[in-house]
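Engineer: This is the structure, below, for whatever I ask next.
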Amino acid sequence: MAIRNHGAWWQTSIFYQVYPRSFYDSNNDGVGDLQGIRQKLDYLQWLGIDAIWLSPICKSPMADFGYDVSDYTCVDPIFGTMEDFDALLEDIHQRGMKLVLDFVPNHTSSEHPWFQESRSSRTNAKSDWYIWRDPTPEGKRPNNWESFIGDSAWDYDEQRGQYYLHIFYDKQPDLNWRNPEVRAALYDVMRYWLDRGVDGLRIDAIWMLLKDPQLHDDPPNPAWQEGGFPGDQQLRSHMEDQPGIHDIAREMRAVADAYQDRVLIGEIHLPLDRFIRYYGGAALDEIHLPFNFALITAQWKAPEVRQIVDQYEAALPRGAWPDWALGCHDYVRVRNRIGREQERVAHMLLLTLRGTPICYYGDEIEMCDGEVPPQKVRDPEAIAAPRFDRGAYRTPMQWNSEPNAGFSRQTPWLAAVKDSDGDDVAAQCDHPASHLTMIRRLIQIRSNHPALRSGTYQAVDTSCTDVFAYLRETDEQRVLVVLNFVGTQQHLDLSQVSQYARVLCSTTMQRDGEIALNQVALEPNEGLMLLV
C-alpha cells in the first residue's frame, strides 16, 4: 500500500493544460493569446482548476508552434506582451491558483542568436554550444541517427562547414548540454521565470538532453511496421537517457528548490523502470512529477489499466508522488482513442486515482480530434507523415454555438470542431447531466474528500475482468471506485469492502442514496464513486 502523503500544493491540485494558440482569441486575429486566457480564468476557477500549465509562449518563428524558441525571456508578440503575462500571472495568483510554464531546454530555434553565433565560425565564443561534427572521411553524415520525423538527425551547414544535430526538426538545433556554459545559461532561464513568480516549469524532452559523445549508430526498431510513424524506425539507444542525465535533473531541481513551493514536471517517454528513476531514488531530488503517459498510451481494458496503476504504485520510490493524464498536445484526444461511451469512466479514473491529475483543455466538454485540410497543415510531423497531424488535437476550444465555436470572430488558425450539438461550454455548463457537469462534480468531490486527495490506493479484486475497482483510504475515510470498462451491465459482490455504501457520484449522474455492496449492479459504461 502506498505511503500516505498530505503534501504540497502540486500534490493536491488539479492541473489543466492550456494550449495558448487555441484557448481564446481576445484580439480577433485568429490566434489565442494571453489576454484571452485571462478572460477565461473565471471559467477555470468555476470548473475547480487549481493550476494552469501553459504550452510555450516565448518568442519563436513558430516552425514548431513555440517549441522552437528564439528568445527564452520574451513573450512572442502573437500571444501579447510581457505586461500581458504579468497581468495574467497576477490574476491567477489572486484567485489562489498556480501557473506552470513550458520550458524547452533541449534545442532552440535556428534563428536564436546563440545558434547564429555558433554557426558563424568554429572559433567563436559559442562554437561549442550546439552539437557540431565533421562529415565522415567518405563525406557522409556523422552517424545513422534519425530525427523524430524520420529523416536524418544531421543537417549540413554551409557557413560553418559541419553538420549540426537536430533530433526533432531541422529548424531546432540541439544544444550541447555537456558544455557547462550551456547549462548555466539554461539554468539562468529557469531563474528568470521563477524570479518573475511562476510556480513551476514543465521541462520538455528532459530525457533527451544528453547524447552519446561517441556517436554510436542506433539500431533499428524491431517493432516498427510499414505504415507506422516514420520517426519510430530506430531505437534511440544513444540519443536518450544517457549516463549523466540524472546529474542534470538534480541540478535543475536545485535551481527550483532555491525558491519556495515550486514544482518541476518532466516530459519523459521511457519504460517504467527507467522512467521512475527521474524522481531521484530515495533522495527524491530530481523531478517532482515525471509526466506519466501510461493512460494516454494504454490499451483501454480493465485488466491492462489496473496493471498500469498497480505497477506504477509499486515502483514509486518511498514518498514519491504519482501523476496521471488522459491527454496532451501530442496525442489523439481521449474521445477518439477510447470512444465516447468510455469517456466518463476515464475521467472518473483520472480524478479519483492517487496522485496529481493533469487535464487537457477541452476534454472536459468531450472535444474530439479535428480535421486539418492539406492547405492548413503546418505541423512538422504532419508534413513528414500526413496521417500524424498533431493539429487535429490542438483545435480551438469550443465555448459556444457561435461561429468558430466562440473562439474568435475571425477565421481561426485551425478550424474549430463542431461535430454535434452540445459539445461546448455554454451548452454543457447548466445541463445537470452533461460531461462538463460531471467533471465539475468529480473535482468538487475530490476537493471535499481527504481520501481522494491524499489517501492510500488499493486495488479491489472483483469477479469480473471488465471491472476495475479500487479503494482510496485515510484513517477517517474510505472511498470505493468501481469502473465498468464495457457496454454491458455487470453484477458484483463487493461485500468484502463493506456491507453498505453511499453514492457520491455516478457517471450517469442519475444515482444517489445508499446501496448494498453484496449486489452492486453497474450499468453499461458506468463508473461509481462510493463512500464506504
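Where a number appears in this text, it was derived from the coordinates with a stated rule and is not lab data. Bear in mind that the values here come from a model prediction, so they are computed numbers and not experimental data. All Cβ positions, even for glycine, are placed from backbone atoms using ideal geometry, and neighbour counts span all protein chains on display.
Engineer: For the chain, find the longest principal axis of its Cα atoms and tell me its angle to the long axis of helix 435-448, 0 to 90°, nearest 10.
Structural biologist: Relative to the chain, helix 435-448 is tipped by roughly 80 degrees.
Engineer: Enter the angle in degrees (range 0 to 90, nearest 10) between the Cα long axis of helix 180-196 and the first principal axis of the Cα atoms of the chain, meaning the one along which they spread out most.
Structural biologist: 50 degrees
Engineer: Using +1 at the Cβ of each Lys and Arg and -1 at the Cβ of each Asp and Glu in region 1-84, identify which of V69, G36, I14 lies farthest towards the dipole's positive end.
Structural biologist: Farthest along the dipole direction, towards plus: I14.
Engineer: Please give the Cα centre distance for region 212-260 versus region 284-307, rounded to the nearest Å.
Structural biologist: Region 212-260 and region 284-307 have Cα centres separated by 18 Å.
Engineer: Which of V425, P450, W413 sits farthest toward the positive end of the charge dipole of region 405-454, with +1 on the Cβ of Lys and Arg and -1 on the Cβ of Asp and Glu?
Structural biologist: Positive-most Cα among the choices belongs to P450.
Engineer: Take Q311, project a point 7 Å from its Cα along the Cβ direction, then tell me which residues of region 258-278 have their backbone nitrogen under 18 Å from it.
Structural biologist: Inside the label zone: 268-278.
Engineer: Once amide H atoms are placed 1.01 Å from N in the peptide plane, what residues at a sequence separation of 5 or more from G266, or on another chain, have their amide H within under 5 Å of its amide H?
Structural biologist: I203, L289, F291
Engineer: In deg cm²/dmol and to the nearest 500, what is the mean residue ellipticity at 222 nm of the chain if only DSSP H runs of at least 4 residues count, each as -39500 (n - 2.57), divided by the residue total?
Structural biologist: Here the helix-only value at 222 nm equals -6500 deg cm²/dmol.
Engineer: Would you work out which of Y169, N179, P219 lies farthest towards the positive end of the dipole of region 160-231? Charges go on Cβ: Lys and Arg +1, Asp and Glu -1.
Structural biologist: N179
Engineer: OK, next. Please give the charge dipole size of region 388-453, origin at the Cα centre, charges +1 on K and R Cβ atoms and -1 on D and E Cβ atoms. Round to the nearest 20 debye.
Structural biologist: Charge dipole of region 388-453: 420 debye, to the nearest 20.
Engineer: Output ³J(HN,Hα) for region 481-494: one whole-Hz value per residue in order, computed from phi by the Karplus curve 6.51 cos²θ - 1.76 cosθ + 1.60 with θ = phi - 60°, and x for Gly and Pro.
Structural biologist: Calculated HN-Hα couplings, in order: 10, 10, 10, 9, 8, 9, x, 10, 5, 10, 10, 10, 10, 10 Hz.
Engineer: Grab the beta carbon distance between A125 and H216, set R0 = 25 Å, and tell me the FRET efficiency rounded to 0.05.
Structural biologist: Efficiency computed from Cβ-Cβ geometry: 0.25.
Engineer: Say the cut-off is 31 Å between C-alpha atoms; which of K98/K126; K301/K418; K40/K301; K59/K376; K59/K126; K59/K140 go over it? Please list the in-between numbers first.
Structural biologist: Numbers: K98/K126 36 Å; K301/K418 29 Å; K40/K301 36 Å; K59/K376 22 Å; K59/K126 21 Å; K59/K140 34 Å.
Where the Cα-Cα span goes over 31 Å, the pairs concerned are K98/K126; K40/K301; K59/K140.
Engineer: Work out the FRET efficiency for N336 and H491 from their Cβ-Cβ distance, taking R0 = 41 Å, and round it to the nearest 0.05.
Structural biologist: Efficiency for this residue pair is about 0.85.
Engineer: Indicate the gyration tensor shape class of region 120-222 (rounded, prolate or oblate), computed on the Cα atoms with a ≥ b ≥ c the square roots of the eigenvalues: a/c under 1.5 is rounded; otherwise a/b larger than b/c is prolate and the rest oblate.
Structural biologist: In terms of gyration-tensor shape, oblate.
Engineer: Okay, next question. Any idea what the dipole of the chain comes to, in debye rounded to 20, about its Cα centre with Lys/Arg Cβ at +1 and Asp/Glu Cβ at -1?
Structural biologist: 740 debye
Engineer: Enter the angle in degrees (range 0 to 90, nearest 10) between the Cα long axis of helix 245-257 and the first principal axis of the Cα atoms of the chain, meaning the one along which they spread out most.
Structural biologist: Long axis of 245-257 versus the principal axis of the chain: about 70 degrees.
Engineer: Under 1.5 on a/c is rounded, so check that first for region 106-147, then, if it is not, pick prolate when a/b is larger than b/c and oblate when it is not; a ≥ b ≥ c are the square roots of the alpha carbon gyration tensor eigenvalues.
Structural biologist: Working: a/c = 2.87, a/b = 1.52, b/c = 1.89.
Oblate is the answer for region 106-147, as a/c is 1.5 or above yet b/c matches or exceeds a/b.
Engineer: Checking the a/c ratio against 1.5 first, then a/b against b/c, what shape does the Cα gyration tensor give for the chain?
Structural biologist: Working: a/c = 1.76, a/b = 1.54, b/c = 1.14.
Judged from the Cα gyration tensor, the chain comes out prolate (a/c at least 1.5, a/b above b/c).
Engineer: Nothing charged except the Cβ atoms of Lys and Arg (+1) and of Asp and Glu (-1): what's the magnitude of the dipole of region 179-272 about its Cα centre? Round to the nearest 20 debye.
Structural biologist: Charge dipole, region 179-272, about its Cα centre: 300 debye, nearest 20.
Engineer: Roughly what would the spin-label model give for E90 and E158, points 7 Å off Cα along C-beta, in nm?
Structural biologist: Taking the two extended label points, one gets 5.0 nm.
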